[in-house]
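Peer 1: First the structure, which I've put down as structure tokens, then a few questions once you've had a look.
The values are calculated or read from the model by the stated rules, or taken from the named source; none is laboratory data. Computed from a predicted model, the values in this text were never measured in an experiment. A quick note on method: Cβ atoms are made from the backbone with ideal geometry, for glycine too, and the neighbour counts reach across all protein chains shown.
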Amino acid sequence: MEPDRPRVIDVAPDPSPPERRQWWALVFSAAATLLFLGVGAAVVSSAVAYRFAGGPPIERSLVVALLLNMALILFGWFRHRALSEEVRLRAAAEERAQLLAARDPLTGFLNRRSLGESGAALLSFAARRKMAVALLIVDLDHFKTVNDMHGHVAGDAVLRSVAIGIAAAMPPAALTARFGGDEFACAFVFDARHPETVDAIARRLVESLAQPVEADGLRCHITASIGIARSDSDGATIDALMRSADIAMYGAKKGGRNRYAWFDRAMERALNDRNDVESGLRIAIPAGQVTPCFEAQVDLASGRLSGFEVLARWTHPTHGEITPDRFIPVAEETGLIGDLSLSIMRQAFAAARDWDPGLSLSINISPVQLRDAWLAQKIIKATIEAGFAPNRLEVEITESALFDNLALAQSIIGSLKNQGVRVALDDFGTGYSSLAHLRALPFDRIKIDKSFVLSLLDSADSAAIVKAIIGLGDSLNLPVTAEGIESAAIAERLAALGCVKGQGWAYGRPTSIADTRRMLGARGLLRGGSDPDVPTITSRRLVG
Ligand code: C2E
Ligand code: MG
Ligand code: MG
């Protein structure tokens, strides 16, 4: 049997559009009228001859022809009227279609394509008058939460209200556009010698958009980040200006949102760098260029090595070693972090297979990964595949990570703990709402952020914070690890304050798999080989 073919609906072009048919109806009526005049004249002259000159009576066929003619004229006229109406309706529909194609239906603003067309005209107008065009990209901050929490109807109402705010803040004759979602653009002409006029407009816009929005019975607080590009330096076409303004808008977001930023070339370089990191990472992760290194964690009282924190390192074939501050944020933004993290875990578990079973591994989990409902299963699967006991594993989660979706974080942490994995709250004291998190989630450990530890001996504030965190851990029955111990003096002070574990350069920099293995071998901490003379490492010995 012949397989089903997709059915093609043949849309044949209209063989005679109404304009042409209207024209033919007119020609038809004109011809009928001419015929009517001819037949009418014959009827009249034969009637006159019959009445006054005794001529023959009017021929019946002439009268019938005359009547037929009149019917034809009437038919032609009605047809012409009907076709005129059709032409009018069609013109109105075309005009509406054009409007819809050029406008955003929700706000009535231009869309991306029509901004391109109208923007090109604005650019040439500005060039003729020796002026410049400012193009602003306006992106709402955290708009997704409005949609998620209140639904799309409320989201649409907020967008309409934002559009009204934007239109009100713009100078007359400005172009306003919405690109879909929560991204808007505006363009207007300004005197290139006075960019402060653009500053004033942008400032006013940021302030007005930060006002609470009453929409669909809701009161929402929403802010916007704005990027600005100018035609005399940042791009000669609307497309180029949009790209520059977009880069500037990301700069405003990075700068803390609810603000505006002008485009500058450094932003473009940073973006190119970021894109290089992203494309590099896509190759590096599967190629095994991102590897774990191990930072020793020690029991502060005894100096005994208790395990390692696993830290990712990227050895680039040409750029050399790249630190996680550069690639982890990019991996998080691009969704590569899941693969990266699993790859690091698998390598670390495989490396630790023949290490002393008393040594634990702490792995870092990104905020983004806590949105993955399967995270706990993936981690456990990786331990099983590598034959690494889950009770030797600790995951470190930063505070900010827990804000996003507390319920999901609770369920992930619960699943991990059920399998014997311990969970530490990393970088404690740097985020916010720390105490709320400590209550909401069943942590096994708190890690004091290195910023407080590094300055423990020089800053009374840091000392007070460290003391308070250790006291908090004590009263909640949570052991505390301090990171960033760079000297024996800091280690001693921490031990005196009651801090249980520590890590930092005083105990050694993070080392590769091979170097860590060599060090463990020398200390007899590899299964199958032991050296009882080197059971511990102490900060004093390593520093000294
Ligand atoms: P973190 O988890 O707080 O890791 C501790 C950081 O402090 C590490 O930096 C470590 O090298 C550094 N550090 C440790 N001791 C000292 C010290 O005594 N002095 C100083 N100045 N620094 C010290 P690193 O390796 O650059 O990692 C930075 C951050 O990158 C980590 O902070 C962690 O948040 C993230 N990270 C690293 N590896 C991974 C990973 O595999 N996955 C995820 N999601 N994040 C990772
Ligand atoms: Mg950590
Ligand atoms: Mg940390």
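Peer 1: Q297: out of contact with any Pro (no Cβ under 9 Å at 6 or more places or on another chain) and assigned by TED's automatic domain parsing to the domain that holds L438, yes or no? Talk me through it step by step, then tell me what you get.
Peer 2: Working: out of contact with any Pro (no Cβ under 9 Å at 6 or more places or on another chain): yes; assigned by TED's automatic domain parsing to the domain that holds L438: yes.
So Q297 fits the description; yes.
Peer 1: Being under 16 Å from F428 (Cα atoms), within 16 Å of ligand 2 (Cβ to nearest atom) and not in a loop (DSSP other than H, G, I, E, B) is the filter here, so list the residues in the range 479-520 that pass it.
Peer 2: V480, T481, A482, E483, K501, G502, Q503
Peer 1: Write out, first by first residue and then by second, each pair whose Cβ atoms fall under 8 Å of each other, whose residues are 6+ apart or on separate chains, and whose first residue, in the range 348-372, is more than 25 Å from Q289 (Cα to Cα) while the second is more than 16 Å from ligand 3 (Cβ to nearest atom) and at pLDDT below 95.
Peer 2: Here the result reads D356/R527; P357/R527; R371/D404; R371/N405; R371/L408, each pair linking the range 348-372 to a residue that is more than 16 Å from ligand 3 (Cβ to nearest atom) and at pLDDT below 95.
Peer 1: What is the one condition in (1) surrounded by 15 or more Cβ atoms within 10 Å (Cβ to Cβ); (2) farther than 26 Å from G524 by Cβ that W374 does not satisfy?
Peer 2: Only one criterion in (1) surrounded by 15 or more Cβ atoms within 10 Å (Cβ to Cβ); (2) farther than 26 Å from G524 by Cβ is unmet by W374, namely (1).
Peer 1: So which strands (runs of 3 or more DSSP E) stay within the range 176-290 end to end and still have 1 or more residues that are at pLDDT 95 or above?
Peer 2: Output list reads 183-190, 224-230, 260-262.
Peer 1: Continuing with the same structure: Can you tell me which residues in the range 181-202 are surrounded by fewer than 16 Cβ atoms within 10 Å (Cβ to Cβ) and more than 22 Å from L122 (Cβ to Cβ)?
Peer 2: Listed by number, the list holds a single entry, G181.
Peer 1: Still on this model: Quick one: L340 ticks every box in (1) crowded, with 22+ Cβ neighbours inside 10 Å; (2) over 25 Å from the mean Cα position of the chain (by Cα) bar one, so which box is it?
Peer 2: Against the list (1) crowded, with 22+ Cβ neighbours inside 10 Å; (2) over 25 Å from the mean Cα position of the chain (by Cα), L340 comes up short only on (2).
Peer 1: Now a separate question. From D449, D444, which residue is within 16 Å of ligand 3 (Cβ to nearest atom), acidic (D, E) and more than 33 Å from the chain's Cα centre (by Cα)? Show your work before the answer.
Peer 2: Details: D449 fails: more than 33 Å from the chain's Cα centre (by Cα).
Among D449, D444, only D444 is within 16 Å of ligand 3 (Cβ to nearest atom), acidic (D, E) and more than 33 Å from the chain's Cα centre (by Cα).
Peer 1: Which ones in the range 52-96 are closer than 19 Å to W23 by Cα and either in a loop (DSSP other than H, G, I, E, B) or among the basic types (K, R) (or both)?
Peer 2: R79, R81, R88, R90
Peer 1: Test I222 against the stated conditions and say whether it is touching a Pro at 6+ places or on another chain (Cβ under 9 Å) and in contact (Cβ under 8 Å) with a residue 12 or more places away in the chain.
Peer 2: Yes: the conditions hold for I222.
Peer 1: Could you please let me know if A102 is surrounded by 14 or more Cβ atoms within 10 Å (Cβ to Cβ) and assigned by TED's automatic domain parsing to the domain that holds A157?
Peer 2: It is false that A102 is surrounded by 14 or more Cβ atoms within 10 Å (Cβ to Cβ) and assigned by TED's automatic domain parsing to the domain that holds A157.
Peer 1: I need a count of the residues in the range 411-441 that are more than 16 Å from ligand 1 (Cβ to nearest atom) and under 25 Å from the mean Cα position of the chain (by Cα).
Peer 2: Residues in the range 411-441 being more than 16 Å from ligand 1 (Cβ to nearest atom) and under 25 Å from the mean Cα position of the chain (by Cα): 1 in total.
Peer 1: Please identify the pairs in which a residue from the range 77-92 that is under 18 Å from V27 (Cα atoms) and at pLDDT 85 or above has its Cβ atom under 9 Å from the Cβ atom of a residue that is outside any helix (DSSP H, G or I) and not hydroxyl-bearing (S, T, Y), counting only partners at least 6 apart or on another chain.
Peer 2: Between residues of the range 77-92 that are under 18 Å from V27 (Cα atoms) and at pLDDT 85 or above and residues that are outside any helix (DSSP H, G or I) and not hydroxyl-bearing (S, T, Y), there is no close pair.
Peer 1: Filter the range 351-393 for residues that are hydrophobic (A, V, I, L, M, F, W, C) and within 15 Å of ligand 1 (Cβ to nearest atom) and give the result.
Peer 2: Answer for the range 351-393, where residues must be hydrophobic (A, V, I, L, M, F, W, C) and within 15 Å of ligand 1 (Cβ to nearest atom): A351, A352, L361, I363, I365, V368, L370, L375, I379, A382, L393.
Peer 1: Within the range 284-308, can you find the residues that are surrounded by fewer than 20 Cβ atoms within 10 Å (Cβ to Cβ), more than 30 Å from G320 (Cα to Cα) and hydrophobic (A, V, I, L, M, F, W, C)?
Peer 2: A301
Peer 1: Test each condition in (1) surrounded by 15 or more Cβ atoms within 10 Å (Cβ to Cβ); (2) within 30 Å of the chain's Cα centre (by Cα); (3) assigned to a strand (DSSP E or B); (4) not aliphatic (A, V, I, L, M) for E321 and report the one that comes out false.
Peer 2: (1)
Peer 1: Restricting to the range 442-459, name every residue that is in contact (Cβ under 8 Å) with a residue 24 or more places away in the chain, farther than 15 Å from K501 by Cβ and surrounded by fewer than 18 Cβ atoms within 10 Å (Cβ to Cβ).
Peer 2: P442, S451, L457
Peer 1: Now for a separate question. All but one of (1) without any contact (Cβ under 8 Å) to a residue 60 or more places away in the chain; (2) not in a helix (DSSP H, G or I) hold for V133; which doesn't?
Peer 2: (1)
Peer 1: E321 is checked against (1) in contact (Cβ under 8 Å) with a residue 24 or more places away in the chain; (2) within 16 Å of ligand 1 (Cβ to nearest atom); (3) in contact with a Lys or Arg (Cβ under 9 Å, 6 or more places away or on another chain) and fails just one. What number does that condition carry?
Peer 2: So the condition that E321 fails would be (1).
Peer 1: Got at least one residue in the range 514-522 being within 15 Å of ligand 3 (Cβ to nearest atom) and either aliphatic (A, V, I, L, M) or in contact with a Ser or Thr (Cβ under 8 Å, 6 or more places away or on another chain) (or both)? Show your work before the answer.
Peer 2: Step one: of the range 514-522, the residues within 15 Å of ligand 3 (Cβ to nearest atom) are none.
Looking for residues that are within 15 Å of ligand 3 (Cβ to nearest atom) and either aliphatic (A, V, I, L, M) or in contact with a Ser or Thr (Cβ under 8 Å, 6 or more places away or on another chain) (or both), one finds none in the range 514-522, hence no.
Quick grid of which residues meet (1) among the aromatic types (F, W, Y); (2) within 16 Å of ligand 2 (Cβ to nearest atom); (3) loosely packed, with under 14 Cβ neighbours inside 10 Å; (4) at pLDDT 95 or above:
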residue: F349; (1), (2), (3), (4): yes, no, no, yes
residue: N364; (1), (2), (3), (4): no, yes, no, yes
residue: P367; (1), (2), (3), (4): no, yes, no, no
residue: E394; (1), (2), (3), (4): no, yes, no, yes
residue: E399; (1), (2), (3), (4): no, yes, no, no
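Peer 1: Go through the range 28-69 and count every residue that is under 28 Å from H80 (Cα atoms) and either β-branched (V, I, T) or touching a residue at least 60 places away in the same chain (Cβ under 8 Å) (or both).
Peer 2: Matching residues across the range 28-69 total 5.
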